[in-house]
1. Would you check which residues across region 60-97 are among the polar types (S, T, N, Q) and under 12 Å from the mean Cα position of the chain (by Cα) and list them?
2. If you scan region 35-51, which residues turn out to be under 14 Å from Leu88 (Cα atoms), in a strand (DSSP E or B) and either touching a residue at least 24 places away in the same chain (Cβ under 8 Å) or of a type in the set (Gly, Ala, Ser) (or both)?
3. From the set of residues in region 1-34 that are without any contact (Cβ under 8 Å) to a residue 60 or more places away in the chain and assigned to a helix (DSSP H, G or I), which is surrounded by the most Cβ atoms within 10 Å (Cβ to Cβ)?
4. In region 73-112, which residue that is among the hydrophobic types (A, V, I, L, M, F, W, C) and outside any helix (DSSP H, G or I) is surrounded by the most Cβ atoms within 10 Å (Cβ to Cβ)?
5. Filter region 52-70 down to the residues that are in contact with a Ser or Thr (Cβ under 8 Å, 6 or more places away or on another chain) and either exposed (fewer than 15 other Cβ atoms within 10 Å of the Cβ) or outside any strand (DSSP E or B) (or both) and list them by number.
6. Any idea how many residues of region 54-76 are free of Cβ contacts under 8 Å to residues at least 24 places away in the same chain and within 23 Å of Ser39 (Cα to Cα)?
7. When both residues are 6+ apart or on different chains and their Cβ atoms are under 6 Å apart, which pairs have a first residue that lies in region 77-93 and is closer than 15 Å to Gly12 by Cα and β-branched (Val, Ile, Thr), and a second that is in a helix (DSSP H, G or I) and modelled with pLDDT under 95?
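The values are calculated or read from the model by the stated rules, or taken from the named source; none is laboratory data. No experiment lies behind these values; they were computed from the predicted model shown. With ideal geometry, Cβ positions are generated from the backbone for all residues, glycine too; neighbour counts draw on all protein chains shown.
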Amino acid sequence: MDGNDLRRLALGLPETEEKSHFGKADFRVRNRVFATLPSPDTGVVKLTPEEQEMLVTSEPAVFSPVKGGWGLKGWTRIALPAADEATLQSALWMGWRNAAPAALKKEYSRGS
């Protein structure tokens, strides 16, 4: 996977739009950031600390916590070349659900 794949999958999620965060692409649902694309080979997704722990433990070649305080809050780095499409899609859905308002989450509760 690469940055183009992350962009394609993220923009396929309900009500997602691409904007910019500190000069880097980000992906938002109703103006709430759920993923960023800091480089063509690296994505970052907004997970809960529990989701982050699960993914980092099960796929350490793909997922790692962002350094510092943001990582402690669940923001997780994705090594895109090591990810397959199903894994990336699942992580993006998690991030989307963590950012989406409750009514929108309920509307799309069927998820990935």
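1. Once the filter is applied, which keeps residues that are among the polar types (S, T, N, Q) and under 12 Å from the mean Cα position of the chain (by Cα), region 60-97 yields Thr76, Thr87, Gln89, Ser90.
2. Answer for region 35-51, where residues must be under 14 Å from Leu88 (Cα atoms), in a strand (DSSP E or B) and either touching a residue at least 24 places away in the same chain (Cβ under 8 Å) or of a type in the set (Gly, Ala, Ser) (or both): Ala35, Leu37, Thr42, Gly43, Val44, Val45, Lys46.
3. Only one residue tops the list, namely Arg7.
4. Ile78
5. If we filter region 52-70 for residues that are in contact with a Ser or Thr (Cβ under 8 Å, 6 or more places away or on another chain), which is where we start, we get 52, 55-56, 59, 62-66.
Answer for region 52-70, where residues must be in contact with a Ser or Thr (Cβ under 8 Å, 6 or more places away or on another chain) and either exposed (fewer than 15 other Cβ atoms within 10 Å of the Cβ) or outside any strand (DSSP E or B) (or both): Gln52, Leu55, Val56, Glu59, Val62, Val66.
6. Looking only at that region, the number is 12.
7. Note: no pairs meet the criteria.
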